[in-house]
Amino acid sequence: MRILAIDYGQKRTGIAVTDEMQIIASGLTTIESGTAIDFLRNYFAKEKVEKVLIGEPKQMNGQPSESAPIIEAFIVKFKEQFPDMPLVQVDERFTSKMAFQTMIDSGLKKKQRQNKALIDEISATILLQDYLSRKNFL
């Protein structure tokens, strides 16, 4: 069974997923945030998902960031639509910066690095890979 990660934003949502054995995290797609519930409903119908991770936006001091209410509202909808699907909130403080650095390190041109949809998808992948690393370490 897979683990799916969501980097939920006001406009776009990055989605990453593990392989069946939960070893590797891969970017799946970036979607418009308004379509996230429908996208997940379709995905869950096709794939076996054990749990979903969602980025928990925090400031450096640990306080919720300004985007926290947007994510909290999505979490309420998610739990209404998928009451049996475990949802785990994961600290996402550095994922966007790490995603951007990953794009630089992989040699993407400046124009490609401005693709915010790609940043969201990479952020979700980093969130998921970090979770897998910690889970497998314990």
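The values are calculated or read from the model by the stated rules, or taken from the named source; none is laboratory data. In this text the structure is predicted, and so the values were computed from the model without any measurement. Here the Cβ is made from the backbone with ideal geometry for all residues, glycine too, and neighbour counts use every protein chain on show.
Tabulated results
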item	result
Given (1) modelled with pLDDT of 60 or more; (2) assigned to a helix (DSSP H, G or I), index of the condition M103 fails	(1)
Test: E72 is surrounded by fewer than 12 Cβ atoms within 10 Å (Cβ to Cβ) and modelled with pLDDT of 90 or more	no
Yes/no for M21 being of a type outside the set (D, E, K, R) and closer than 18 Å to L87 by Cβ	no
Filter result for A36 (modelled with pLDDT of 90 or more, of a type in the set (G, A, S), closer than 14 Å to I6 by Cα and touching a strand residue (DSSP E or B) at 6+ places or on another chain (Cβ under 9 Å))	yes
Top-ranked residue of region 42-66 - restricted to ones that are more than 16 Å from the chain's Cα centre (by Cα) and modelled with pLDDT of 95 or more, ranked as nearest to M85 (Cα to Cα)	K48
Region 9-25 - residue that is modelled with pLDDT under 90 and surrounded by fewer than 17 Cβ atoms within 10 Å (Cβ to Cβ) and, of those, farthest from the chain's Cα centre (by Cα)	I23
Search result, residues across region 19-32 that are more than 9 Å from T125 (Cα to Cα) and part of a strand (DSSP E or B)	T29, T30, I31, E32
